[in-house]
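As C-alpha cells, the structure follows; a few thoughts come after it.
The values are calculated or read from the model by the stated rules, or taken from the named source; none is laboratory data. Values in this document were obtained by computation on a predicted structure and should not be read as measured data. Here the Cβ positions follow ideal geometry from the backbone for every residue, glycine too, while neighbour counts run over all protein chains shown. We work out accessible area using only protein heavy atoms, side chains counted, and drop any ligands, DNA or RNA first. Shrake-Rupley method; radii C 1.70, N 1.55, O 1.52, S 1.80 Å.
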Amino acid sequence: MLDEITISRAITESFMKDFLEALEADVAIGGAGPAGMTAAYYLAKEGIKTVIFERQLRVGGGMPGGGMMFNRIVVQEEGKKLLEEFNVRTKEYETGYYIADSLEATSSICSATIKAGARIFNLISVEDVMIREDDRVTGLVLSWSATSLARLHVDPLVMRAKIVIDATGHASEICHIIVNKIGGELRTKEGRVSGEKPMWAEIGEREIVGNTKEVYPGLIVAGMAANAVFGAPRMGPIFGGMLLSGKRAAEITMKMLR
Ligand code: 48F
C-alpha cells in the first residue's frame, strides 16, 4: 500500500538534509550551464564540497537549445576530449569540427557532475553575495526563483563558501552585483564588467580560458560570463570553450583552496 504522506515526508526530509548540508560549502557556483557544471564536476571529483544554484527548472543553460533551437552543438578537438570525459558521443563533421547531440551532452554532463558528488539546486536564484573582511566574497544570498517571478516580497537565505564561481552566462550576474551594490573594482581594465563583444567564434574560444580567473577576492568567473566580464567576443553554438573554461575554473579554485 502506497502512502502519500510517506512519499511527501521522503521528499521533504531528503531535500532538507541536502539543503542544510549545502549551507556551508567549499565552493558555490551560480549557474548550471556547461561551464558551471564542468567546474563542479572537476571539483567534486577531487572531494571538494561543491554546490550549484540554478535559477531555471532545467539545467544546461544555453546548451540544450543548440544553435537556434537545432539541438546540436559543435566542438573542436580540445572540446571533443572533454565531451569524451563525460561519455558524450561525437561525430566528425569536417576536419577539426565535431558535432554532438545537445541533449545527450547536457544530460551526460549533469549526470556526471551529480554522480561525482556535486549538488545542483535548481529553481534557486543567486540574488546577492555575502561580503566580509577585505571585501572578500564569502557566500551567496539565495531565493526561490518563483518569488521574484511572482514579485513576492520574501527575504532570502544565505550560504557560506570559501570560493564562489560566477557561471551565470552572458548576464554575468554575480559580477554585476559586486559592481552595482558595493562599487567593487573588478580586475578588468575598467574595473567593471567590460561587456561582451559581437560574435567571433575563433577569438572568443581562444580567449575564454585566459579570461577564466579570480576577478574579485574570492570570486572566479567562468564560461560566457568570463568573456562578458573581460570584453571578449561571444561565440555561439560552439561549446568547447565553455567546457575548457569550467575545467580551468576548477583548477584555479583548487589552487586557491590549497
Ligand atoms: O548561459 P549558460 O549556458 O552559460 P555558460 O555555461 O555557457 C554559455 C553557453 O550556453 C552559450 C554560449 C556558447 O558559446 O555562448 O551561451 O557560460 O548558463 C548559465 C546558467 O546560469 C543561470 C542561467 O539560468 C543558466 O542556466 N543563471 C543566470 N543567472 C543566475 C543563474 C542567477 N542569478 N542565479 C542562478 N542561476
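Worth a mention:
- Test for Met199: is it touching a Pro at 6+ places or on another chain (Cβ under 9 Å) and at pLDDT 95 or above: yes
Residue-wise test of (1) open to solvent by less than 10 Å² (accessible area, probe 1.4 Å); (2) more than 9 Å from the ligand (Cβ to nearest atom); (3) in a loop (DSSP other than H, G, I, E, B).
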{"site": "Val193", "(1), (2), (3)": "no, yes, yes"}
{"site": "Ile203", "(1), (2), (3)": "no, yes, no"}
{"site": "Arg206", "(1), (2), (3)": "no, yes, no"}
{"site": "Gly210", "(1), (2), (3)": "no, yes, no"}
{"site": "Gly231", "(1), (2), (3)": "no, yes, yes"}
{"site": "Met242", "(1), (2), (3)": "no, no, no"}
{"site": "Ala250", "(1), (2), (3)": "yes, yes, no"}
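- Region 1-115 holds helices (runs of 4 or more DSSP H) entirely within its bounds, and those carrying 1 or more residues that are of a type in the set (D, E, K, R) and within 19 Å of Gly240 (Cα to Cα) map to 77-85, 102-115.
- Only listed residue being at pLDDT 95 or above, among the β-branched types (Val, Ile, Thr) and under 30 Å from Thr147 (Cα atoms), chosen from Thr95, Thr106, Thr90: Thr106
- Here Ile220 does not fit the description of being in contact (Cβ under 8 Å) with a residue 12 or more places away in the chain and assigned to a helix (DSSP H, G or I).
- Meets criteria (closer than 27 Å to Ile238 by Cα, more than 16 Å from the ligand (Cβ to nearest atom) and surrounded by 14 or more Cβ atoms within 10 Å (Cβ to Cβ)) for Glu214: yes
- Residue within region 174-189 that is surrounded by 21 or more Cβ atoms within 10 Å (Cβ to Cβ) and closer than 30 Å to Glu92 by Cβ present: no
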